Amino acid sequence: MTRELRAVEWAGDGLALIDQTALPHREVVLRVTDVDGLVDAVRRLVVRGAPAIGAAGAYGVAIALLQAEREGWDGSRIRAEVARIRAARPTAVNLAVSVDRVLARLDDGVTAVLAEAAAVQREDVEANHALGAHGADWLLKRQGEDRPLRVLTHCNTGALATAGWGTALGVIRELHARERLETVYADETRPLLQGARLTAWELAQEGIAHYVQADGAAAGTILRGEVDVAVVGADRIAANGDTANKVGTVGIALACAYAGIPFVVAAPTTTVDLATPHGDGITIELRDEAEVLEWAGVRTAPAGSRGHNPAFDVTPGGLVTALVTERGVLEVSAGELPGLHLA
Ligand code: MRU
């Protein structure tokens, strides 16, 4: 039974965010009514996933406008506060794109701003459903009808990571709905465990068979022939197809290339950044080293160790078999590059 989960919801005077740091053990909703609260929620991954932070940022313009009315900010202060929201995380292009889209309605007032933010949210849900169907069609055609698919995924790309439904997880949900899914290998996704905590939670809610595995198990699972396809999401896709996604993704792509199975990126076109020619131009968020030096607040590495904690990596476009968007499927490795012709 499909429960329509909304990670980001407008609630009259602010946002109601499912606190993703508390899942899967506690389902807590965090109310956010000011810019500081929103920036903090985005940075702490209360709300996370490229399209979800895009939706939150879109509504963030309304939050800034309402706070301006309460606190008497002038126009330049409003824009400075909105810029803080826009910059809260650097890698996912959806945040900046959504904020800019809604900011363009600033002078039309809060009703217009809210309507634009709602459109961002609605269009993302629609895009996810469309790309889920395109991805399932493409995979089933490529795979043939012999048996249901075993799909590996990384991080969380479901309803929690989007305005609703999901990207890579949307493809997986669609395969499940068509009874063409055998099982999902959900990488735990170190260091913050978006796979073990969030993807597994969403799959369990849907009654979808799955294994959680250590990130380090992924390559071996692929090379042993236990996976038919890897489907992942994206935070930013450069014009040449280079794809930034959760750290660990590029290793999966390399293993898929070696094993000769498809490595599929599923993302709405709002994640494609044609202004960035290639992956070198994508800013990779470096997070607090404590996330890799500690476990649940307890130090695990020796006192003198430093932590290296990039939140994302970039998979070269040449390793991407196909890019699934709401407009259809581009077979990237088949030579439809350079230049994603999406404009
Ligand atoms: O740090 P996170 O949890 O925001 O990272 C999320 C991812 O890397 C997702 O794969 C990506 O944003 C796509 S979500 C549909």
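All of the numbers you see were taken from the coordinates with simple rules; none came from a lab. Everything quoted here is computed from the prediction, not taken from an experiment. Here Cβ is always computed from backbone atoms with ideal geometry, including for glycine, and neighbour counts include all displayed protein chains.
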Ranked by GNM mean-square fluctuation in the chain (Cα springs under 10 Å), the top entry among Gly318, Gly12, Gly241 is Gly12
The range 302-333-the range 237-300 distance, computed between alpha-carbon centres (Å): 3
Using only Cα atoms, find the angle between the long axis of helix 110-143 and the longest principal axis of the chain, and express it within 0 to 90 degrees, rounded to the nearest 10. 0
What FRET efficiency do you get for Glu289 and Asp108 if R0 is 41 Å and r is their Cβ-Cβ distance, rounded to the nearest 0.05? 0.40
Other-chain or far-sequence residues with amide H under 5 Å of Tyr185's (modelled H): Val151, Leu152, Thr153, Tyr211
Give me the number: length gained by fully extending Arg31 to Ala301, i.e. 0.36 nm times residue separation minus the C-alpha to C-alpha distance, one decimal in nm. 93.7 nm
Treating only the Cβ of Lys, Arg, Asp and Glu as charged (+1, +1, -1, -1), what charge dipole size does the chain show about its Cα centre? Round to the nearest 20 debye. 400
Run the quick spin-label model on Arg142 and Glu226: label points 7 Å from Cα toward the beta carbon, then report their separation in nm to one decimal. 2.2
As I understand it, the value is the acute angle between the Cα axis of helix 168-177 and the longest principal axis of the Cα atoms of the chain; what does it come to in degrees, rounded to 10? 60
Segment Ala80-Ala16, extension gain: residue separation times 0.36 nm, minus the distance between their alpha carbons: 20.7 nm
Loop-only check: which trypsin sites (Lys or Arg not before Pro) in the range 235-339 are DSSP coil with at most 11 other Cβ within 10 angstrom? Arg306
Qualifying trypsin sites (Lys or Arg not before Pro) in the range 9-101, DSSP loop, other Cβ atoms within 10 Å at most 11: Arg26
Using only Cα atoms, find the angle between the long axis of helix 50-71 and the longest principal axis of the chain, and express it within 0 to 90 degrees, rounded to the nearest 10. 10
Where GluC sites (Glu not before Pro) fall in DSSP loop in the range 99-208, at most 12 other Cβ within 10 Å: Glu145, Glu179
Alpha carbon centre of the range 106-136 versus the range 182-227: separation in Å? 29
Using the alpha-carbon centroid of each, what span in Å lies between the range 73-96 and the range 27-68? 11
To check you understand DSSP bridge types, tell me what percent of the beta bridges within the chain (both residues inside) are antiparallel, rounded to 5. 50
Tell me, what ³J(HN,Hα) does each residue in the range 232-239 have, in order and in whole Hz, if you take phi through Karplus 6.51 cos²θ - 1.76 cosθ + 1.60 with θ = phi - 60° and put x for Gly and Pro? 10, x, 8, 9, 6, 10, 6, 4
